[in-house]
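The values are calculated or read from the model by the stated rules, or taken from the named source; none is laboratory data. None of these values were measured; they are calculated from a predicted model. Neighbour counts are summed over all protein chains in view; Cβ atoms, including those assigned to glycine, are modelled from backbone coordinates with ideal geometry.
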Amino acid sequence: MNPVEITAALKKITALMEQQGVCLDICQGPYPDDIIYTFITEELFSQEIQKEILPGGAWHFIYEEFHPNDKRDIEKNTHEFLLHWFSRDFNEFCSGLAYEILTADDRRLSRDAVLKKMNLFFDAFETFTDDGYNIDEIHFEFPEPEHGLGHAEGRLKYDAVMENGRSYIMKGPINCTCSAGIIFGRYFIL
């Protein structure tokens, strides 16, 4: 099939799937239509599911559970971490920090200890303004088949404004490390 035919076939097949209560969720797309069409016809259709769906319900399959996109997971987790940082919005419920954090000098700190240190830093300033960052490199390694580490490296810059209006320019390299191979896993090294 040519690209136009694949797009039409994909629309038709997903509409038929939805009529039968089977949905494919794509969390980190978009992916090319031919990739998704091939996935549905060659992989998804071979999955066994229960025959009965509760009235009004549907079976949801997530593409990335079959084909993890580690690079996008790492990038997404790094963006979320930095957004929490710039908004100074970390608490005990934040999913962007592990329960144990390994520091750059190989010390292990509990999540609570790190949160206390972060909040002391945040309390010293009224707000962060003029923030920005770039992620220059993302890489990952899998010492075990299912689990690995991902690294995002780049630079950040923001102004930390004190209550008296004095502003300090914070800038420099960033290196965030998070779990890879687990969808939405988030373990960061500070």
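Summary table below
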item: Among (1) of a type outside the set (D, E, K, R); (2) within 25 Å of the chain's Cα centre (by Cα); (3) surrounded by 14 or more Cβ atoms within 10 Å (Cβ to Cβ), the one test that PRO32 misses; result: (3)
item: Selection from region 32-81 of residues that are charged (D, E, K, R), touching a residue at least 12 places away in the same chain (Cβ under 8 Å) and out of contact with any Phe, Trp or Tyr (no Cβ under 8 Å at 6 or more places or on another chain); result: ASP33, ASP34, GLU64, GLU65, ARG72, GLU75, LYS76, GLU80
item: Residue match in region 117-132 (condition: on the phi > 0 side of the Ramachandran plot, of a type in the set (D, E, K, R), surrounded by fewer than 17 Cβ atoms within 10 Å (Cβ to Cβ) and in contact with a Lys or Arg (Cβ under 9 Å, 6 or more places away or on another chain)); result: yes
item: Residue among PHE90, PHE125, PHE140 that alone is hydrophobic (A, V, I, L, M, F, W, C) and farther than 24 Å from MET170 by Cα; result: PHE140
item: Residues satisfying the stated conditions in region 7-34, i.e. farther than 16 Å from GLY57 by Cβ, in a helix (DSSP H, G or I) and not charged (D, E, K, R); result: THR7, ALA8, ALA9, LEU10, ILE13, THR14, ALA15, LEU16
item: TYR99 vs. criteria within 27 Å of the chain's Cα centre (by Cα), assigned by TED's automatic domain parsing to the domain that holds GLY150 and farther than 23 Å from ASN134 by Cα; result: yes
item: Pick from region 133-150, criterion hydrophobic (A, V, I, L, M, F, W, C) and modelled with pLDDT of 85 or more, ranking: surrounded by the most Cβ atoms within 10 Å (Cβ to Cβ); result: ILE138
item: Complete set of residues in region 70-94 that are under 20 Å from GLU153 (Cα atoms) and in contact with a helix residue (DSSP H, G or I) (Cβ under 9 Å, 6 or more places away or on another chain); result: ARG72, ASP73, TRP85
item: Lone unmet requirement of (1) surrounded by 14 or more Cβ atoms within 10 Å (Cβ to Cβ); (2) under 27 Å from the mean Cα position of the chain (by Cα); (3) modelled with pLDDT of 90 or more for ILE13; result: (2)
item: Near pairs, Cβ below 7 angstrom, 6+ apart or cross-chain, from region 1-19 (closer than 15 Å to PHE45 by Cβ) to any residue that is among the hydrophobic types (A, V, I, L, M, F, W, C) and assigned to a helix (DSSP H, G or I); result: LEU10/ILE36; ILE13/ILE40
